[in-house]
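Contents: one structure, followed by commentary.
Bear in mind that the values in this text are calculations on the coordinates, not laboratory data. Only a predicted model underlies this, so the values are computations on that prediction, with no experimental measurement involved. Here the Cβ is made from the backbone with ideal geometry for all residues, glycine too, and neighbour counts use every protein chain on show.
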Amino acid sequence: MALPDPLTRLIEELVRLPGIGPKGAQRLAFHLLKTPREYTDRLIEALRDVKERVTYCSVCNNITDVDPCAFCNSDARDAHIICVVEEPQMVSSIEKTREFKGLYHVLMGALSPLQGIGPDELKIKGLLARINAGVNEVILATNPNVEGEATAIYLARLLKPLGVKVTRIAMGVPVGSDLEYADEVTMHKSLEGRREV
């Protein structure tokens, strides 16, 4: 069945979104076709607002609609501790815990020589400038994969000579899971990061 050109174009654009395959894109396109015009107008307006108003913080690189962001502007945050993450969405994950009261620094990626991502492609210079402004501890909260580990090791070697305490988030078996399903790397990290009870 030949689809009208506008619908085909919408499907082609939706397929470009991460996690959306051809069938999912087609389902979304037909859903949007069936929904009332007010809904699609709100969706279009929300997309336009994101592109026009959301930017990156000039201090920490987190997403924001004011610059500097709410974290960097807050007097309630501890400016002596910086948590380094790979991407802006990781800030939300940490904030959900309501435990961390310091500031953030978003690298905008992780080291990946195979993909051509080296230290110069990451936001490391800004982190170094911030450390010279009185930071006592840097928490490395990069992903527990090859790229995240390489990034954490690189940053630790870069930061330790500056006299700042460098820590790494704990990793291991998630709460509510079974040990029999944990892979050897996860078990290794769990044993390595054990603590006294």
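Charges only on Cβ, +1 for Lys and Arg, -1 for Asp and Glu: so what's the dipole of the stretch 76-168 about the Cα centre, in debye to the nearest 20? All intermediate terms of the calculation are to be shown ahead of the outcome.
Numbers: 11 positive and 10 negative charges, 72 e Å.
Here the stretch 76-168 has a charge dipole of around 340 debye.
Between ARG16 and ASP49, how many nm apart are label points set 7 Å from Cα along the C-beta direction?
Using points 7 Å along Cα→Cβ, the separation is 2.3 nm.
In sequence order, what are the phi-derived ³J(HN,Hα) couplings for the stretch 102-118 according to the Karplus relation 6.51 cos²θ - 1.76 cosθ + 1.60 with θ = phi - 60°, rounded to whole Hz, with x for glycine and proline?
Couplings: x, 9, 10, 9, 9, 7, 6, x, 9, 4, 7, x, 5, 9, x, 9, x Hz.
With n ≥ 4 as the cut-off for DSSP H runs, can you work out [θ] at 222 nm for the chain, using -39500 (n - 2.57) per run divided by the number of residues, rounded to the nearest 500? All intermediate terms of the calculation are to be shown ahead of the outcome.
Working: 8 runs with 84 residues, N = 197.
The helix-only estimate for the chain comes to -12500 deg cm²/dmol at 222 nm.
Of the DSSP beta bridges with both residues in the chain, give the percent that are antiparallel, rounding to the nearest 5.
Once the DSSP bridges in the chain are tallied, antiparallel ones form about 20 percent.
With the cut-off at 1.5 for a/c, could you classify the stretch 76-168 from its C-alpha gyration tensor as rounded, prolate or oblate? Kindly include the intermediate steps, with their values, before the conclusion.
On the way: a/c = 1.85, a/b = 1.24, b/c = 1.49.
Verdict is oblate for the stretch 76-168.
Please report the antiparallel percentage of the DSSP beta bridges confined to the stretch 76-168, to the nearest 5. Walk me through the intermediate numbers first.
Details: 1 of 14 bridges.
Among the beta bridges of the stretch 76-168, antiparallel pairing accounts for roughly 5 percent.
So for the chain, averaging the separation of alpha carbon pairs under 8 Å that are six or more residues apart and normalising by length, what relative contact order in percent results? Don't jump to the answer; show the numbers that get you there.
Numbers: 217 pairs, mean separation 26.0, N = 197.
Dividing the mean separation by the residue count of the chain yields 13 percent.
Among VAL59, VAL85, VAL50, determine the one that fluctuates most according to a GNM of the chain built with springs between C-alpha atoms less than 10 Å apart.
Of the options given, VAL50 has the highest mean-square fluctuation.
With the dipole of the chain worked out from charges on the C-beta (+1 for Lys and Arg, -1 for Asp and Glu) around the Cα centre, which of LEU158, MET108, THR64 lies farthest toward the positive end?
The residue sitting farthest along the positive end of the dipole is THR64.
For the chain, set up a GNM with springs between Cα atoms under 10 Å and report which of HIS31, HIS105, HIS80 has the largest fluctuation.
Checking each option, the largest mean-square fluctuation is seen for HIS31.
Highest GNM mean-square fluctuation, the chain, Cα pairs closer than 10 Å: which of ALA133, ALA70, ALA150?
ALA133
Take the Cβ-Cβ distance between ALA182 and ARG157 as r, set R0 to 25 Å, and report the resulting FRET efficiency rounded to the nearest 0.05.
Working: r = 29 Å, r/R0 = 1.15.
Here the calculated transfer efficiency is 0.30.
Are there trypsin sites (Lys or Arg not before Pro) in the stretch 62-158 that DSSP marks as loop and that have at most 11 other Cβ atoms within 10 Å, and which are they?
On the way: sites: ARG77, LYS96, ARG98, LYS101, LYS123, LYS125, ARG130, ARG157; in loops: ARG77, LYS96, ARG98, LYS101, LYS123.
Taking the stretch 62-158 and a limit of 11 other Cβ atoms within 10 Å, the loop trypsin sites (Lys or Arg not before Pro) found are LYS96, ARG98, LYS101.
Please arrange ILE131, ILE169 by how many other C-beta atoms lie within 10 Å of their C-beta, fewest to most. Show your work: numbers first, answer last.
Details: ILE131 18, ILE169 15.
Arranged by neighbour count, lowest to highest, ILE131, ILE169 become ILE169, ILE131.
Using only Cα atoms and rounding to the nearest 10 degrees, what angle (0 to 90) does helix 22-34 make with the longest principal axis of the chain?
It is inclined by approximately 60 degrees.
With charges only on Cβ, +1 for K and R and -1 for D and E, what is the dipole size of the chain about its Cα centre, in debye, rounded to 20?
Numbers: 24 positive and 27 negative charges, 43 e Å.
In debye, rounded to 20, the chain gives about 200.
Can you give the net charge of the other residues whose Cβ lies under 14 Å from the Cβ of LEU128, counting K and R as +1 and D and E as -1? Please list the in-between numbers first.
Details: positive: LYS123, LYS125, ARG130, ARG157, LYS160; negative: ASP120.
Net charge in that neighbourhood comes out at +4.
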